[in-house]
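One structure is given below, encoded as C-alpha cells.
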Amino acid sequence: MLGERLKSLRLLNNLTQKEVSINLNLSEVRYGQYENNKRKPDYDVLKDIAKFYNVSTDYLLGNTNKDTNDKKIIEKDILKEILVKHNYMQEKEDLTNKEIEKIMDFIKINKDYIKNGK
C-alpha cells in the first residue's frame, strides 16, 4: 500500500523520483525502493514524506483514504477503485493526472447522457 500511495502522490504532483529524493534528502535508489515496496522508511522518514506531500502518515500507510488535505488524492483513489471494480483497469495500474482530467472531462461533457440516457 505504501509504495502505491507514494507513487500516486509523486505522479499527482508531477514529480520525478529524483526530485522527491532531493527534497527529502534521500538517495534516488532508496526512495525508489520505497515506491517499489522493497524497503520501508523509518518513522522519521515517513513523517518527512507525509509533511512533504501534505498528507497524514495514516494515509501513507493505507489506514485511511480520507485523512488528507488534498481532495485530488481522494478523488483519484475513488476513481481508480471504481475502474478496477468494473474491470476497466488493473489494481497495479496507476492513473496519470492527464488521464484523470480526460475521464473527468468526458463525464462533464456527457453528464446528461449518463444521468438520463439522452
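Overall shape: rounded for region 2-61, with the ratio a/c of the largest to smallest alpha carbon gyration tensor axis below 1.5.
Label 7 Å along Cα→Cβ of T64; region 21-49 residues with amide nitrogen under 18 Å? Label zone hits: 46-49.
Close Lys pairs in region 2-61, defined as Cα atoms under 16 Å apart and 8 or more places apart or on different chains, number 4. You can think of it this way: the chain between Q33 and I78 has 13.6 nm of extra reach, that is 0.36 nm per residue less the Cα-Cα gap. Semi-axes of the equivalent ellipsoid for the chain, computed as √(5λ) from the eigenvalues of its C-alpha gyration tensor and ordered from largest down, come to 30, 14, 13 Å. Taking the empirical scaling 2.2 N^0.38 Å for compact globular proteins as reference, region 71-116 has a Cα radius of gyration ratio of 1.19. The angle between the Cα long axis of helix 43-53 and the main principal axis of the chain comes to about 40°, on a 0 to 90 degree scale. Going by alpha carbons, how many degrees (0 to 90, nearest 10) lie between the helix axis of 2-12 and the longest principal axis of the chain? Approximately 70 degrees, to the nearest 10. Think of it as helices only: each DSSP H run of n ≥ 4 in the chain is worth -39500 (n - 2.57), and spread over all residues that comes to -19000 deg cm²/dmol at 222 nm.
Bear in mind these aren't lab numbers, they're just calculated from the coordinates by the rules spelled out. These figures come from a predicted structure and were not determined experimentally. Note that we place each Cβ from the backbone using ideal geometry, even for glycine, and neighbour counts take in every protein chain shown.
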